[in-house]
1. Go through (1) surrounded by 15 or more Cβ atoms within 10 Å (Cβ to Cβ); (2) in contact with a Gly (Cβ under 9 Å, 6 or more places away or on another chain); (3) closer than 15 Å to V28 by Cα for T90 and report which single condition fails.
2. Anything in region 104-145 that is charged (D, E, K, R), touching a residue at least 40 places away in the same chain (Cβ under 8 Å) and not in a strand (DSSP E or B)? List them, or say none.
3. Do any residues in region 22-37 that are without any contact (Cβ under 8 Å) to a residue 24 or more places away in the chain have Cβ atoms under 7 Å from those of residues that are surrounded by 17 or more Cβ atoms within 10 Å (Cβ to Cβ) and in a strand (DSSP E or B), where the two are at least six apart or on different chains, and which pairs are they?
4. Taking region 12-33, which residues are assigned to a loop (DSSP other than H, G, I, E, B) and not charged (D, E, K, R)?
5. Could you check how many residues of region 35-53 are out of contact with any Gly (no Cβ under 7 Å at 6 or more places or on another chain), more than 17 Å from K112 (Cα to Cα) and in a strand (DSSP E or B)?
Amino acid sequence: MTGLLNPDVDVDAKALRMLENDLLAWFVTTARDGTPRAVPVWFLWHDGRVIVMSEPQTGKVAAVRRGAPVLMHLQAGGPFGDDVVILHGTAEIDARSTAEWLAEHHDAYLGKYAEAIDDYGVPLDDIAVKFSTIIVFSPGRIQAW
């Protein structure tokens with residue numbers, strides 16, 4: 001946990017559950033010309049950060065490399081779309097490859113995405129080859145309701 005969320009506060013506890021269990025987040029940044037870009041990503045909430053595996057040549061990786069602003073938000077859940085988590089912060093590219101990162105976090109990632117990986121039809125080790133870049137998003141502020 002980052003200290004940004006207090007598990008003893010109901011809305012924060014809900015946000016933590018969503019960060020730990022939701023399968024999709026939206027990674028929002030800007031293209032070089034300033035056009036907003038939002039893409040859905042698989043993610044892992046780990047040590048108060050959001051970890052995203054990405055293909056290295058994507059727009060989101062290019063945006064992070066050039067220091068573009070980044071925002072992440074989860075799918076709005078709840079019966080009326082009223083479970084909302086928005087993360088404001090910074091992102092950087094991890095120096096490790098996805099394979100190196102997975103050596104430490106394989107079980108956690110597979111535990112979260114086993115069914116989705118099975119549906120995708122590609123083993124996690126092969127996914128790590130294709131999505132070989134790790135983006136680490138560090139939230140500085142979290143809005144949740």
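Just so you know, all these numbers are worked out from the coordinates, no wet-lab data involved. Please read these numbers as outputs of a predicted model, since none were measured by experiment. Cβ coordinates were reconstructed from backbone atoms using ideal geometry, including for glycine residues, and neighbour counts include every protein chain displayed.
1. Going through the list (1) surrounded by 15 or more Cβ atoms within 10 Å (Cβ to Cβ); (2) in contact with a Gly (Cβ under 9 Å, 6 or more places away or on another chain); (3) closer than 15 Å to V28 by Cα, T90 breaks only (1).
2. Result: K112, K130.
3. Close Cβ pairs satisfying both conditions: P36/V28.
4. L23, L24, A31
5. The initial filter retains those residues of region 35-53 that are out of contact with any Gly (no Cβ under 7 Å at 6 or more places or on another chain), namely 35-36, 38-53.
In the following step, the residues that additionally are more than 17 Å from K112 (Cα to Cα) were identified as 35-36, 38-39.
Subsequent filtering for residues that are in a strand (DSSP E or B) retains 36, 38-39.
Result for region 35-53: 3.
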